[in-house]
1. So, in segment 119-157, of the ones that are under 21 Å from residue 101 (Cβ atoms) and polar (S, T, N, Q), which residue ends up farthest from the chain's Cα centre (by Cα)?
2. Select, from 118, 100, the only residue that is more than 19 Å from residue 44 (Cα to Cα), hydrophobic (A, V, I, L, M, F, W, C), surrounded by fewer than 14 Cβ atoms within 10 Å (Cβ to Cβ) and free of Cβ contacts under 8 Å to residues at least 40 places away in the same chain.
3. For the structure I just gave you, tell me whether residue 8 is surrounded by 17 or more Cβ atoms within 10 Å (Cβ to Cβ), at negative phi and at pLDDT below 95.
4. Could you tell me which residue of segment 121-140 is surrounded by the most Cβ atoms within 10 Å (Cβ to Cβ), considering only residues that are of a type in the set (Gly, Ala, Ser) and within 18 Å of residue 59 (Cα to Cα)?
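The values are calculated or read from the model by the stated rules, or taken from the named source; none is laboratory data. For clarity, every value in this text was computed on a predicted model and none was experimentally measured. Reconstructed Cβ throughout: ideal geometry from the backbone, glycine too, with neighbour counts over all protein chains shown.
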Amino acid sequence: MKAASLFLFALVLSFAAAIAAQTPPSGAPPAGAPHRHPAPKNLQVLPKTLTGDQLDEIMDAWAASLGVHCDSCHTADPAHPRPDGRPGLDFADDSKPEKATARRMFQMTEEINRDYIAKIDNSDAPVTCGTCHRGHLGPQPFALPKEGHNPPKAPAK
């Protein structure tokens with residue numbers, strides 16, 4: 001379970017890095033590309049070159065990995081309602097502790113992928129949010145099979 005969650009989080013991290021690498025240095029979207037989301041503000045751990053649309057894709061992946069919605073980390077902004085009449089969100093606000101936790105968890109997975117996973121031969125499965133969370137806010141416990149599980153034997157040297 002933990003390995004699967006780590007894998008999903010690493011996948012999201014890889015996705016973030018790939019998006020950042022594709023973004024022009026100015027941080028502007030590619031010429032002719034429509035964008036639906038305003039430029040991000042207050043990025044502290046993600047690349048500052050991300051566009052609003054790129055950040056939205058990353059946040060959607062994180063939310064799915066944790067089984068949450070945007071308001072889990074972001075505060076309501078009643079002054080800017082959404083088209084459906086619900087309050088908008090103040091994405092730059094840092095008052096919710098969950099946002100700080102998300103930043104720390106992102107940094108943790110970056111470190112795990114850089115300092116451990118990258119040093120394992122033929123390891124192409126990065127750690128991601130979903131590696132541990134698997135669609136749940138809290139990490140999911142790993143349970144060993146009850147009976148009949150015979151782990152593979154180590155190859156003879």
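1. 140
2. Result: 118 is the single residue among 118, 100 that is more than 19 Å from residue 44 (Cα to Cα), hydrophobic (A, V, I, L, M, F, W, C), surrounded by fewer than 14 Cβ atoms within 10 Å (Cβ to Cβ) and free of Cβ contacts under 8 Å to residues at least 40 places away in the same chain.
3. Criteria met by residue 8.
4. The residue in question is 130.
To keep it simple, each residue is scored yes or no on (1) modelled with pLDDT under 95; (2) surrounded by 15 or more Cβ atoms within 10 Å (Cβ to Cβ); (3) within 14 Å of the chain's Cα centre (by Cα); (4) farther than 13 Å from residue 90 by Cα.
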{"site": "45", "(1), (2), (3), (4)": "no, no, yes, yes"}
{"site": "49", "(1), (2), (3), (4)": "no, yes, no, yes"}
{"site": "55", "(1), (2), (3), (4)": "no, yes, yes, yes"}
{"site": "59", "(1), (2), (3), (4)": "no, yes, yes, yes"}
{"site": "70", "(1), (2), (3), (4)": "yes, no, yes, no"}
{"site": "77", "(1), (2), (3), (4)": "yes, yes, no, no"}
